[in-house]
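The values are calculated or read from the model by the stated rules, or taken from the named source; none is laboratory data. Since this is a predicted model, take the numbers as computed values, not measurements. When we count neighbours, we look across all protein chains shown, and the Cβ atoms used for this are built from the backbone with ideal geometry, even at glycine. Calculation scope for accessible area: heavy atoms of the full protein, side chains included, ligands and nucleic acids excluded. Shrake-Rupley method; radii C 1.70, N 1.55, O 1.52, S 1.80 Å.
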Amino acid sequence: MKNVIVTGGAQGIGKIITQKLLEKGFGVSVFEIDEEAISDFKSEINTEEIAFFGTDMANEESVANSVKQSFEKFGNISGVINNAAIQIDKPVTELSVDEWNKVIGVNLTGAFLCSKHAAPFLKSAKGNIINISSTRAFQSEKNTEAYSASKGGILALTHALAVSLGPEIRVNCISPGWIDVSGVKKKSKVRQVELSEADQQQHPAGRVGNA
């Protein structure tokens with residue numbers, strides 16, 4: 001069974017990715033730090049094909065240990081989906097360096113660390129890395145400096161990794177626009193958002209995306 005690591009895989013877009021991979025017969029290693037989200041997800045599923053690893057994506061030792069344990073659990077690492085991300089929306093004049101570093105650490109450094117430590121296993125499997133960036137890499141809303149910078153970094157990290165690791169490991173990037181994940185967050189945060197027609201018409205497709 002091919003094993004795919006999904007970072008931030010217990011809620012939001014990551015949760016839907018995990019569910020779809022399970023449906024298609026993959027084993028999934030969920031790297032997630034939110035214990036409530038992990039507990040909620042565990043209560044919804046009944047399969048031996050998923051494993052949860054409490055992982056601080058900004059901490060190299062934590063990421064390295066989770067990668068090692070993922071391999072030990074499934075016997076392979078055939079894919080990595082670097083999805084974990086946080087956002088702190090504040091005016092740039094009020095955003096502290098610690099807050100900036102926290103966002104960059106989880107969103108960008110985390111993708112680097114997971115790719116770095118999974119690369120030897122992915123090479124053996126001729127596997128794939130998919131990085132989840134954002135349209136914030138190309139255009140921004142106000143007060144998103146840290147998040148936008150991290151997602152722009154993901155884009156650049158992707159083409160650097162693709163050149164460094166290819167052709168044995170394929171590295172690609174997806175940059176979603178507005179995706180409504182209000183219904184797939186942890187239970188204490190679930191609140192289905194009512195989207196207006198103006199919200200929908202912001203997009204060339206005529207609607208907000210769904211995970």
Out of all the residues in segment 106-129, which are farther than 22 Å from GLU72 by Cα and open to solvent by 10 Å² or more (accessible area, probe 1.4 Å)?
-> VAL106, LEU108, THR109
Residues within segment 137-148 that are assigned to a helix (DSSP H, G or I) and open to solvent by 40 Å² or more (accessible area, probe 1.4 Å), tallied = 1
Please work out which one of (1) free of Cβ contacts under 8 Å to residues at least 24 places away in the same chain; (2) among the charged types (D, E, K, R); (3) surrounded by fewer than 17 Cβ atoms within 10 Å (Cβ to Cβ) is the condition LYS90 fails and give its number.
-> (1)
When every residue in segment 164-206 that is more than 17 Å from the chain's Cα centre (by Cα) and closer than 19 Å to ALA37 by Cβ is compared, the one modelled with the highest pLDDT is GLY183
Filtering segment 94-136 down to residues that are in a strand (DSSP E or B) and of a type outside the set (S, T, N, Q), which residue is nearest to ASP34 (Cα to Cα)?
-> ILE132
When segment 14-54 is examined, which residues are found to be within 23 Å of GLY127 (Cβ to Cβ) and among the basic types (Lys, Arg)?
-> LYS15, LYS20, LYS24
With respect to ALA111, is the statement that it is aliphatic (A, V, I, L, M) and closer than 26 Å to SER66 by Cβ true?
-> yes
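Yes/no per residue for (1) within 16 Å of LEU108 (Cα to Cα); (2) among the aliphatic types (A, V, I, L, M):
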| site | (1), (2) |
| --- | --- |
| VAL6 | yes, yes |
| VAL28 | no, yes |
| ASN46 | no, no |
| SER70 | no, no |
| LYS73 | no, no |
| GLY79 | no, no |
Answer residue from segment 13-36, given it is free of Cβ contacts under 8 Å to residues at least 60 places away in the same chain and part of a helix (DSSP H, G or I) and is surrounded by the most Cβ atoms within 10 Å (Cβ to Cβ) among those = THR18
Does PHE71 qualify as being crowded, with 22+ Cβ neighbours inside 10 Å, modelled with pLDDT of 95 or more, in contact with a helix residue (DSSP H, G or I) (Cβ under 8 Å, 6 or more places away or on another chain) and not aliphatic (A, V, I, L, M)?
-> no
Considering every residue within segment 69-77, establish whether at least one is closer than 23 Å to ILE169 by Cβ, part of a helix (DSSP H, G or I) and among the hydroxyl-bearing types (Ser, Thr, Tyr).
-> yes
Exclusive hit being crowded, with 23+ Cβ neighbours inside 10 Å and part of a helix (DSSP H, G or I), set SER43, SER39, SER62, SER66 | SER66
